[in-house]
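Enquirer: Got a structure for you, questions after.
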Amino acid sequence: SENNFSDVSADKWYNNAVSTLCHMGVLGGYSDGTFRPNAPITRAEFAKIAVSFAQANGSAVYSYFTDVKTTDWFAPYVTAAKDSSLIEGYSDGSFKPENRITRAEACTIINRTLGRNPDADHLLPVAQMNTWPDNPADAWYYAHMQEATNSHAYRWLGDIEQWLQKLPEPDWDKLR
């Protein structure tokens with residue numbers, strides 16, 4: 001419950017999460033002593049969080065993406081995330097490290113970090129799941145968003161999940 005950030009006080013709802021993950025080495029702050037809890041997060045920052053959580057180590061080669069230089073602070077984390085198959089780049093060969101991460105990208109990385117591997121062809125029928133109007137079935141992120149927003153029982157089919165049933169909704173307010 002304790003941290004050294006000037007902008008994360010003990011009375012904030014996110015204090016325990018930030019403090020815990022900082023003590024674990026997953027999160028870090030900025031050189032000015034702030035955490036900036038309300039700031040958008042970049043793709044590079046999220047890659048750092050994912051590999052720190054997964055305790056993944058990268059190789060010394062940073063040539064995966066055209067816009068990641070070996071001198072960039074995030075290069076080792078982006079490399080480790082790519083080496084661990086937690087991230088992918090864009091079709092033009094870039095990673096866009098300074099772009100804000102989207103919810104779909106974040107959910108996909110979180111699923112991969114946690115070893116979740118949803119497959120759109122092995123989900124439940126639409127009528128049995130929570131669905132979202134901005135998550136069409138033909139979107140690249142469809143299965144990952146469904147994975148992140150539907151508690152479910154499943155079995156492994158080699159390297160993907162086959163969903164068996166939707167579980168009751170957790171009381172999300174209790175988890176705050």
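The values are calculated or read from the model by the stated rules, or taken from the named source; none is laboratory data. Fair warning: this is a prediction, and the values are worked out from it, not measured in the lab. Glycine also receives a Cβ, built like all others from the backbone with ideal geometry; neighbour counts cover every protein chain displayed. Only protein heavy atoms, including side chains, enter the accessible area calculation; ligands, DNA and RNA are left aside. Shrake-Rupley method; radii C 1.70, N 1.55, O 1.52, S 1.80 Å.
Enquirer: Under the 0.36 nm per residue contour assumption, what length would be gained going from the current alpha-carbon distance of residue 83 and residue 119 to full extension? Each step should come with its number before you reach the end.
Expert: Working: separation 36, 0.36 × 36 = 12.96 nm, distance 2.16 nm.
Result for the pair: 10.8 nm of gain on full extension.
Enquirer: How much length, in nm to one decimal, is gained on full extension between residue 100 and residue 159, taken as 0.36 nm per residue of separation minus their Cα-Cα distance?
Expert: Numbers: separation 59, 0.36 × 59 = 21.24 nm, distance 2.99 nm.
Difference between extended and current length: 18.2 nm.
Enquirer: Give, rounded to the nearest 20 debye, the magnitude of the charge dipole that the chain has about its Cα centre when Lys and Arg contribute +1 at Cβ and Asp and Glu contribute -1 at Cβ. Present the calculation step by step, with values, prior to reporting the outcome.
Expert: Values: 15 positive and 22 negative charges, 45 e Å.
I would put it at about 220 debye.
Enquirer: Related question: So how do 48-56, 17-25 stack up, highest first, on mean other-Cβ count within 10 Å? The partial results should precede the final answer.
Expert: Numbers: 48-56: 19.4, 17-25: 14.9.
Result, highest mean Cβ count within 10 Å first: 48-56, 17-25.
Enquirer: Within straight cross-link reach of residue 166, meaning Cα distance under 19 Å, which aspartates and glutamates are found once same-chain residues fewer than 8 apart are removed?
Expert: Output for residue 166: 119, 121, 147.
Enquirer: Please report, in debye to the nearest 20, how large the charge dipole of region 87-134 is about its Cα centre when each Lys and Arg carries +1 at its beta carbon and each Asp and Glu carries -1 there. Working shown, then result.
Expert: Working: 5 positive and 7 negative charges, 41 e Å.
Roughly 200 debye for region 87-134.
Enquirer: Ignoring ligands, DNA and RNA, what accessible area per residue does the chain give at 1.4 Å, in Å²? Walk me through the numbers before you get to the answer.
Expert: Numbers: 10900 Å² over 176 residues.
Per residue, the chain has 62 Å² of solvent-accessible surface.
Enquirer: Another question about this same structure. Can you match Kirkwood radius over Cα pairs in Å to one of these, (1) 18.5; (2) 18.0; (3) 21.5, based on a calculation from the structure here?
Expert: The calculated read-out lines up with (2).
Enquirer: While we're on this one: For Cα pairs less than 8 Å apart in space and 6+ apart in sequence, what is the mean separation divided by the residue count of the chain, i.e. the relative contact order in percent? The partial results should precede the final answer.
Expert: Numbers: 229 pairs, mean separation 27.1, N = 176.
After rounding, I find 15 percent.
Enquirer: Continuing with the same structure: Taking θ as phi - 60°, what are the ³J(HN,Hα) couplings along region 44-50 by the Karplus curve (6.51, -1.76, 1.60), each to the nearest whole Hz, with x for Gly and Pro?
Expert: 5, 4, 5, 4, 4, 4, 4
Enquirer: Continuing with this model, one more query. If the cut-off is 17 Å between C-alpha atoms, which lysines fall inside it for residue 12, apart from same-chain ones fewer than 8 positions away?
Expert: Cross-link targets: 174.
Enquirer: Another question, then. Under the rule a/c < 1.5 gives rounded, and otherwise a/b versus b/c splits prolate from oblate, where does region 101-176 land using the Cα gyration tensor? Working shown, then result.
Expert: Details: a/c = 1.20, a/b = 1.05, b/c = 1.14.
Since a/c stays below 1.5, the shape of region 101-176 is classed as rounded.
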